[in-house]
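Student: Here it is, the structure, as structure tokens.
The values are calculated or read from the model by the stated rules, or taken from the named source; none is laboratory data. Since the model is a prediction, treat every value here as computed from it, not as a measurement. Reconstructed Cβ throughout: ideal geometry from the backbone, glycine too, with neighbour counts over all protein chains shown. These area figures cover heavy atoms from the full protein model, side chains too; ligands, DNA and RNA do not enter into them. Shrake-Rupley method; radii C 1.70, N 1.55, O 1.52, S 1.80 Å.
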Amino acid sequence: METKQWYMEYKIHKNRPGLLGDIASLLGMLEVNIMTINGVEDRTRGMLLQTNDDEKVELLGKMLQKVDNITVNKLRTPTIVDILAVRHGRYIERDSDDRKTFRFVRDELGLLVDFLGEVFKRDGNQVIGLRGMPRVGKTESIIAGSVCSNKRWAFVSSTLLRQTVRSQLSEDEMQPNNIFIIDGIVSTIRSNERHHALLQEIMAMPSTKVIEHPDIFVKESHYDYSHFDIIIELRNNPDEEITYESFTANYSDDF
């Protein structure tokens, strides 16, 4: 049987001396390796485990149900959120109604970059929306996440230096393994026919596309929110409202 990773998280009711040692000893006797361990939020501990025997993990879960000092909350194949929770010691905030929406503030740019890096490692088609006010760190985070995933990035449209609307990309830039960065306002308000054709081609490619300002992109194009796999919100502070009226007019001005 192939070696697999598992995520185990448990809540500590009584943090008595030797508790972690007892759990580690149990894992050792079952020959289940601890890859990473960290505290995850208040009185909760997370572990990334590795074993080549799924039955051992099932047995582990049953045995730990008999331990009074802890309650196992999760024992499953790790998600990206699980991996980052162990790595950073906290969970990423998610929308309670729309579970594909993840929220960050500027002080958490390191966590956001790590999150994007893990998402970008996935192969195949995925569309990621990134909401946020100007100069909050959206484009910089995408580029840093591309570096973390060891992938190249290509600007289809952008305002990082000036308003950039590409009509064509080079052969190296059009590789499906690249990360395509699209400004949703520039690509709709500043779009021309050649850019629109390029955009259609890229959206149909089995590749990762990151669209800044996804709400304007949806409003001004034939795409809808069902095309997005993940929506990320980046704010300067948790209470900041993301609005577009204050800056979309600037995109309509001449260069």
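Student: List the extent of the Cα atoms of segment 197-236 along each of their three principal axes, largest first, rounded to whole Å.
Tutor: Answer, in whole Å and largest first: 34, 21, 17 Å.
Student: Whose amide H sits under 5 Å from the amide H of Ile232, counting only residues 5 or more places off or on another chain, with H placed in the peptide plane?
Tutor: Phe102, Gly129, Leu130, Arg131
Student: Helix 19-29 against the longest principal axis of the chain: what's the angle in degrees, Cα atoms only, rounded to the nearest 10?
Tutor: 90 degrees
Student: Work out the FRET efficiency for Ser170 and Asn236 from their Cβ-Cβ distance, taking R0 = 45 Å, and round it to the nearest 0.05.
Tutor: For R0 = 45 Å, the calculated efficiency reads 0.80.
Student: Same structure again: Ranked by accessible surface with a 1.4 Å probe, highest first, in what order do Ser187, Ser96, Ser170 come?
Tutor: Ser96, Ser170, Ser187
Student: On to the next question. Near Arg43, within a Cβ-to-Cβ distance under 14 Å, what is the net charge of the other residues, with Lys and Arg +1 and Asp and Glu -1?
Tutor: +2
Student: Working from Cα positions, state the angle (0 to 90°, nearest 10) between the long axis of helix 54-64 and the longest principal axis of the chain.
Tutor: 60 degrees
Student: Something else about it: Per-residue HN-Hα couplings for segment 101-109, Karplus 6.51 cos²θ - 1.76 cosθ + 1.60 at θ = phi - 60°, whole Hz, x for Gly and Pro?
Tutor: Each residue of segment 101-109 in turn: 9, 10, 10, 9, 10, 4, 5, 9, 4 Hz.
Student: With N residues in segment 4-85, what two-decimal value do you get for its Cα radius of gyration over 2.2 N^0.38 Å?
Tutor: It is 1.00.
Student: So, one more: If I fit a long axis through the Cα atoms of helix 193-204 and take the longest principal axis of the Cα atoms of the chain, what angle between them do I get, 0 to 90°, rounded to 10?
Tutor: Roughly 20 degrees, rounded to the nearest 10.
Student: Rounded to the nearest 500, what is the 222 nm mean residue ellipticity of the chain from helices alone, with -39500 (n - 2.57) per DSSP H run of 4+ residues and division by all residues?
Tutor: Value at 222 nm, helices only, nearest 500: -8500 deg cm²/dmol.
Student: A follow-up question, please. Using only alpha carbon pairs under 8 Å that are at least six residues apart, calculate the relative contact order of the chain and give it in whole percent.
Tutor: Computed over the chain, the figure is 19 percent.
Student: Take Arg122 and Leu19, extend 7 Å from each Cα along the Cα→Cβ direction, and tell me the distance between the two endpoints in nm.
Tutor: Output for this residue pair reads 3.4 nm.
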